[in-house]
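Q: The following block contains the structure, expressed as structure tokens.
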Amino acid sequence: MRLRLPTLVLAALAAAAANAAAQDVEQAIRNPVQLGGQITTMGQLYGVSGIPARWPGASYDIEMTPQITLFNDISAGLNILVSSQGSQVRQSLNQFGFNPSWRWITLHAGDFTDDYTDNTLQGTRVRGFGLDLRPGWFHFSLQGGESQRAVAAGAGGAAYARHLFAGQIGVGRPEGSFFSLTFVKAKDDPNSLTPAVTDTTLLDTIPVALRPQQQTRPEENFVMGLSGQLSLLGNRLVLKGEGDGAVLTSDLSSPLANAGSVRFGGLVSHFMPLRLSSSGDFAYKLDGTWSFGTGALRAGYQYVGAGYTSLGLAYTINDRVSYSFGANVGLLSNRLLLTGQLMHQNDDLLHQKVATTNQDALMLSAAVRPTQDFTASLTAMSTVVANDAANDTFAVNDRTVGVNSTLALQDHLFGKAVVYSVSYGVQHTNEAAGIVAVPRVTVQNVSGSVQVTLSKAISVAPSLSWSATATQGAATQDNVFVGFRGQGRFLGGKLTASFDATQTYSNGRALTGVNSQIGLALPWGSRLNFQTRYNHYAALGTTPAFAESFATLSVSRSF
């Protein structure tokens, strides 16, 4: 099958080119090959004084995305990233991807990311091959390759080489109603890392299945789920959801288990062997949106089991259930906008923890624009994080309340367009549980800025802000921020320049920052960008002063 698939794809492409419409053929003959894409080269220098270097002294990146189109119908693209920041003690940044497509057929080769659903495959880069077919209302996708390379970085940082195979099949259209079946299979290579040499005198007296694991262990994972969307009433009512089940073996060296003694074990064993370190759980979510006139209502519910894990996700937060409600509406010809949102989340779904932690958040916002030149907004929020622990040692009851307001006025000063803006915010935090009393904290912030348009090409914007942190039983800490920003466009927009300088006084320590950027459009669709950054931290007590600087030059060309 591996040999026949490329042959079938090439045959399909050749047949499509031979049966093109007459006008397409004529245009294809005049311009059979079209090249496009972009290439960007970037070099960076780093300097530091007063502290050890936190970045390489010199680094570079080269990114290329060339694309070729044949006969106005067949396209193929490459994604190439070469970086000097590659390392044997972390995942490589270098990438090479080839993504040809023809009408509803797309192939992937090399490095690529092809997301499926939120709980199955999302944000994981695969180095291998993939195929996407979307002929109208039907869609089919397969992908496989290496999703994680072996990294021997020492205790706590090691990673086994991981191979992933995933697929999705469904009917419908993403912008309307659809239904999909998704699966993900991931497995680590136990031989990709050399086992650490340890003293096994004590471990040899403990059964293998019960021995403590002090290092990264090879894993295996299988996930299958259903997802879909239902669009009703002319897309005014949209319901979207998914349900997934996952099985994870946390140690491939653990003994095999009797699949028949486990619920659904016989079914799961068709996809992966069950071991004593295997566990399974499920996750599901449902979201709904109802749009009406100038507003909308939203609601969502999500459950992620304590044992749910998908190695196709960049990260997973399990053992939680959450729900949310939201609404927004525009009144008075949208001169008044109202927004509200309520969210809740709690853990301990199996009731095995000492306490259940609940998180609640409420946000209300109003924005009004009585005239074309004046805008005002007010936002209030409240968050509570609390648990039901009976013991004060483990009790949590954190409460935060905040209010923020903003005013903006467009005017003229000496014949120049000016925008005045001022904002005020206050936030109060209090922890009302625990043996040790935690002091209450109140933070206030006042800021203002003036943006002046000096000409069609140049504008400047000085700014000033002050914040005060009042902690119960301690002296108030004041922070002052002074900034200036200028930007301009010259040579008919071909040359852009910006400059900003800031001075911050935080808890008696001064921080100075200076940034600049210049962009210049060059011939042949090219552009040059030069950027500098400088930060200086003054000494404070026993902490010495130090400074860091960056200079970055990049050249890009579109073709």
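The values are calculated or read from the model by the stated rules, or taken from the named source; none is laboratory data. Quick caveat: nothing in here was measured; it's all calculated off a predicted structure. So basically every Cβ, Gly included, is an ideal-geometry build from the backbone, and we count neighbours across all protein chains shown.
Q: Select, from Ala457, Ala386, Ala461, the only residue that is within 27 Å of Asn507 (Cα to Cα) and either surrounded by 16 or more Cβ atoms within 10 Å (Cβ to Cβ) or aromatic (Phe, Trp, Tyr) (or both). Don't jump to the end; show me each part of the working.
A: Details: Ala457 fails: within 27 Å of Asn507 (Cα to Cα); Ala386 fails: within 27 Å of Asn507 (Cα to Cα).
Just one listed residue meets the conditions, Ala461.
Q: Mind listing whichever residues of the stretch 246-261 are outside any loop (DSSP other than H, G, I, E, B), touching a strand residue (DSSP E or B) at 6+ places or on another chain (Cβ under 8 Å) and without any contact (Cβ under 8 Å) to a residue 60 or more places away in the chain? Step through it out loud before you land on a result.
A: Going residue by residue through the stretch 246-261, those that are outside any loop (DSSP other than H, G, I, E, B) are 246-249, 256, 259-261.
Going one step further and asking which of them are touching a strand residue (DSSP E or B) at 6+ places or on another chain (Cβ under 8 Å), we end up with 246-249, 256.
Val247, Thr249, Leu256, listed by residue number.
Q: Also: Take the residues in the stretch 132-173 that are among the hydrophobic types (A, V, I, L, M, F, W, C) and in contact (Cβ under 8 Å) with a residue 60 or more places away in the chain; name whichever of them is surrounded by the fewest Cβ atoms within 10 Å (Cβ to Cβ).
A: Applying the filter and picking the extreme gives Ala155.
Q: Right, something else. So Gly295 passes all but one of these: (1) surrounded by fewer than 16 Cβ atoms within 10 Å (Cβ to Cβ); (2) small (Gly, Ala, Ser); (3) in contact with a Lys or Arg (Cβ under 8 Å, 6 or more places away or on another chain). Which condition number does it fail?
A: If we test Gly295 against (1) surrounded by fewer than 16 Cβ atoms within 10 Å (Cβ to Cβ); (2) small (Gly, Ala, Ser); (3) in contact with a Lys or Arg (Cβ under 8 Å, 6 or more places away or on another chain), just (3) comes out false.
Q: Out of all the residues in the stretch 288-305, is one or more part of a loop (DSSP other than H, G, I, E, B), modelled with pLDDT of 95 or more and of a type outside the set (Ser, Thr, Tyr)?
A: yes
Q: Condition test on Thr504, is it in contact (Cβ under 8 Å) with a residue 24 or more places away in the chain, of a type in the set (S, T, N, Q) and assigned to a strand (DSSP E or B)?
A: Numbers: in contact (Cβ under 8 Å) with a residue 24 or more places away in the chain: yes; of a type in the set (S, T, N, Q): yes; assigned to a strand (DSSP E or B): yes.
Yes, satisfied.
Q: Looking at Ala380, Ala355, Ala376, can you tell me which residue is among the small types (Gly, Ala, Ser), farther than 22 Å from Tyr284 by Cβ, assigned by TED's automatic domain parsing to the domain that holds Thr406 and surrounded by 16 or more Cβ atoms within 10 Å (Cβ to Cβ)? Break it down stepwise before answering.
A: Details: Ala380 fails: surrounded by 16 or more Cβ atoms within 10 Å (Cβ to Cβ); Ala376 fails: surrounded by 16 or more Cβ atoms within 10 Å (Cβ to Cβ).
Being among the small types (Gly, Ala, Ser), farther than 22 Å from Tyr284 by Cβ, assigned by TED's automatic domain parsing to the domain that holds Thr406 and surrounded by 16 or more Cβ atoms within 10 Å (Cβ to Cβ) holds for just one of Ala380, Ala355, Ala376, which is Ala355.
Q: Here is a list: Val426, Val438, Val403, Val396. Which entry is surrounded by 16 or more Cβ atoms within 10 Å (Cβ to Cβ) and out of contact with any Phe, Trp or Tyr (no Cβ under 6 Å at 6 or more places or on another chain)? Let's see the steps before the verdict.
A: Working: Val426 fails: surrounded by 16 or more Cβ atoms within 10 Å (Cβ to Cβ); Val438 fails: surrounded by 16 or more Cβ atoms within 10 Å (Cβ to Cβ); Val403 fails: surrounded by 16 or more Cβ atoms within 10 Å (Cβ to Cβ).
Of the residues listed, the single one that is surrounded by 16 or more Cβ atoms within 10 Å (Cβ to Cβ) and out of contact with any Phe, Trp or Tyr (no Cβ under 6 Å at 6 or more places or on another chain) is Val396.
Q: Then there is this: Which pairs turn up if I take residues in the stretch 44-55 that are of a type outside the set (S, T, N, Q) and look for partners that are surrounded by fewer than 12 Cβ atoms within 10 Å (Cβ to Cβ) and not in a loop (DSSP other than H, G, I, E, B) with beta carbon separation below 6 Å, at least 6 apart in sequence or on another chain?
A: What qualifies is Leu45/Ala58.
Q: Being in contact (Cβ under 8 Å) with a residue 12 or more places away in the chain, more than 20 Å from Phe183 (Cα to Cα) and among the aromatic types (Phe, Trp, Tyr) narrows it down to one residue among Phe325, Phe264; which is it? Steps first, answer last, please.
A: On the way: Phe264 fails: more than 20 Å from Phe183 (Cα to Cα).
None of the others qualify; the one that does is Phe325.
Q: Could you figure out which of (1) in a strand (DSSP E or B); (2) at pLDDT below 90 isn't true of Val555?
A: Answer for Val555: the failing condition is (2).
Q: Oh, and also: Which of (1) closer than 30 Å to Arg298 by Cβ; (2) touching a His at 6+ places or on another chain (Cβ under 8 Å) is the odd one out, the single condition Ala366 does not satisfy?
A: With (1) closer than 30 Å to Arg298 by Cβ; (2) touching a His at 6+ places or on another chain (Cβ under 8 Å) applied to Ala366, the lone miss is (2).
Q: May I pose another question? Can you tell me which residues in the stretch 507-542 are of a type in the set (Val, Ile, Thr) and in contact (Cβ under 8 Å) with a residue 24 or more places away in the chain?
A: Passing the criteria: only Thr512.
Q: Kindly indicate whether Ala545 is surrounded by fewer than 14 Cβ atoms within 10 Å (Cβ to Cβ), within 29 Å of Ser49 (Cα to Cα) and not assigned by TED's automatic domain parsing to the domain that holds Val460.
A: no
Q: Give the stretch 448-485 a look and list any residue that's aliphatic (A, V, I, L, M) and outside any strand (DSSP E or B), or say none.
A: Taking the stretch 448-485 first, the residues aliphatic (A, V, I, L, M) are 450, 452, 454, 457-458, 460-461, 464, 468, 470, 474-475, 480, 482.
Residues satisfying the conditions are Leu454, Ala457, Ala474, Ala475.
Q: Can I ask one more? Being more than 28 Å from the chain's Cα centre (by Cα) and either of a type in the set (D, E, K, R) or at pLDDT 95 or above (or both) is true for just one of Phe530, Phe484, Phe490. Which residue is that?
A: On the way: Phe530 fails: more than 28 Å from the chain's Cα centre (by Cα); Phe490 fails: either of a type in the set (D, E, K, R) or at pLDDT 95 or above (or both).
Of the residues listed, the single one that is more than 28 Å from the chain's Cα centre (by Cα) and either of a type in the set (D, E, K, R) or at pLDDT 95 or above (or both) is Phe484.
Q: While we're on this one: Only one of Arg320, Arg275 is within 23 Å of Asn358 (Cα to Cα), out of contact with any helix residue (DSSP H, G or I) (no Cβ under 6 Å at 6 or more places or on another chain) and of a type outside the set (Gly, Ala, Ser). Can you tell me which?
A: Details: Arg275 fails: within 23 Å of Asn358 (Cα to Cα).
The conditions single out Arg320.
Q: Name the residue, out of Val329, Val321, that is β-branched (Val, Ile, Thr) and touching a Gly at 6+ places or on another chain (Cβ under 8 Å). Please lay out each step first, then the result.
A: On the way: Val321 fails: touching a Gly at 6+ places or on another chain (Cβ under 8 Å).
Within the list Val329, Val321, the selection yields Val329.
Q: Which of the strands (runs of 3 or more DSSP E) contained wholly in the stretch 320-375 include at least 3 residues that are of a type outside the set (A, V, I, L, M) and within 16 Å of Ala386 (Cα to Cα)?
A: On the way: elements: 320-331, 336-346, 357-371.
Per the criteria, 336-346, 357-371.
Q: Could you list, in sequence order, all residues of the stretch 49-63 that are surrounded by fewer than 16 Cβ atoms within 10 Å (Cβ to Cβ) and either of a type in the set (S, T, N, Q) or assigned to a strand (DSSP E or B) (or both)?
A: Taking the stretch 49-63 as the starting set, the residues that turn out to be surrounded by fewer than 16 Cβ atoms within 10 Å (Cβ to Cβ) are 49-60, 62.
Once the filter is applied, which keeps residues that are surrounded by fewer than 16 Cβ atoms within 10 Å (Cβ to Cβ) and either of a type in the set (S, T, N, Q) or assigned to a strand (DSSP E or B) (or both), the stretch 49-63 yields Ser49, Ala58, Ser59, Tyr60, Ile62.
Q: Also, I was wondering about something else. On the given criteria, is Ala417 under 20 Å from Gln372 (Cα atoms), exposed (fewer than 14 other Cβ atoms within 10 Å of the Cβ) and of a type outside the set (D, E, K, R)?
A: Details: under 20 Å from Gln372 (Cα atoms): yes; exposed (fewer than 14 other Cβ atoms within 10 Å of the Cβ): yes; of a type outside the set (D, E, K, R): yes.
Yes: the conditions hold for Ala417.
Q: Scan (1) over 32 Å from the mean Cα position of the chain (by Cα); (2) over 30 Å from Leu349 (Cβ atoms); (3) among the β-branched types (Val, Ile, Thr) for the single condition Thr393 breaks and write down its number.
A: Here Thr393 clears every test but (2).
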